[in-house]
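The values are calculated or read from the model by the stated rules, or taken from the named source; none is laboratory data. These numbers come from a predicted model, not from an experiment. Cβ coordinates were reconstructed from backbone atoms using ideal geometry, including for glycine residues, and neighbour counts include every protein chain displayed.
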Amino acid sequence: MPNLQTLVVSNNDFSGDIPTRFLDSPALSVLDLSFNSFSGELPESIASCQKLVNLNLSHKQLTGEIPKSVARMSMLSVLDLSNNSFVGKIPDSFGSSPALETVNLSYNQLEGPFPDNGMLRTINANDLVGNDGLCGGVLKPCSNVRASSSARKKVHVRHIVFGFLFGVCVILTFGIAAFTGRWLYQRWFLYELQFHHQNLQVGNRF
């Protein structure tokens, strides 16, 4: 599709990987695939759309890391990757992208220090919300994130230990109960046997 300039297919029920044939459009300037069910990773070849100005891939099920090649798109002005499942760090080169004016990375699973360079210095914190592992820049200091992460790990370990000990206690309780019940039954059985034997002896005397 060499002459395709604008492609808007938002608010549909498309699924699967992003079709790579969209990326073979050198004249493409607007690509809006938002509010669909596309999944998989964003291909590095997205950077081949060098005339792309507006890229909206929000509200989907995209995973993996954000390709570093996105920062090399010299005309990209608006980038919306919000409400996906992107992981890893934000590429440091994002801030140096020459035309980038608006970035929305909210509600993903991004982590690590936020690049504090170029236009990213003035980014709105609301465009980063929902990424609990991100820190620095307009967000909370990274030391706080590491401390909270360490605290969560300690709580998780305590839960595991508590669960293990609780399980051991339950097993021991049932084991002791079963052993005690068996012992009591054997005592009762021997008592009944002796009592019955004594009655037989008394009856034989008469």
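Would you tally the residues in the stretch 25-44 being on the phi > 0 side of the Ramachandran plot, crowded, with 16+ Cβ neighbours inside 10 Å and assigned to a strand (DSSP E or B)? Residues that pass the stated criteria total 0. For F22, the test of being without any contact (Cβ under 8 Å) to a residue 40 or more places away in the chain and part of a strand (DSSP E or B) is failed. Of the residues V168, V129, V145, the single one that is over 17 Å from S77 (Cα atoms), β-branched (V, I, T) and at pLDDT 90 or above is V129. Within the stretch 11-68, the set of residues being over 26 Å from G130 (Cβ atoms) and β-branched (V, I, T) comprises just one member, T20.
Checking each residue in the stretch 45-89 for being among the small types (G, A, S), within 27 Å of the chain's Cα centre (by Cα), more than 18 Å from T102 (Cβ to Cβ) and outside any strand (DSSP E or B) picks out S45, A47, G64, S69, S85.
Residue by residue, here is whether (1) under 21 Å from D17 (Cα atoms); (2) surrounded by fewer than 22 Cβ atoms within 10 Å (Cβ to Cβ) holds:
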| position | (1), (2) |
| --- | --- |
| L57 | yes, no |
| T63 | yes, yes |
| K68 | yes, yes |
| A71 | no, no |
| S82 | yes, no |
| I90 | no, no |
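Of the residues making up the stretch 92-137, those that are of a type in the set (A, V, I, L, M, F, W, C), surrounded by fewer than 17 Cβ atoms within 10 Å (Cβ to Cβ) and within 23 Å of the chain's Cα centre (by Cα) are A125, V129. Out of the residues in the stretch 7-24 meeting the condition of being closer than 22 Å to S74 by Cβ and either surrounded by 13 or more Cβ atoms within 10 Å (Cβ to Cβ) or touching a Phe, Trp or Tyr at 6+ places or on another chain (Cβ under 9 Å) (or both), tell me which one is modelled with the lowest pLDDT. Of everything passing the filter in the stretch 7-24, F22 is modelled with the lowest pLDDT.
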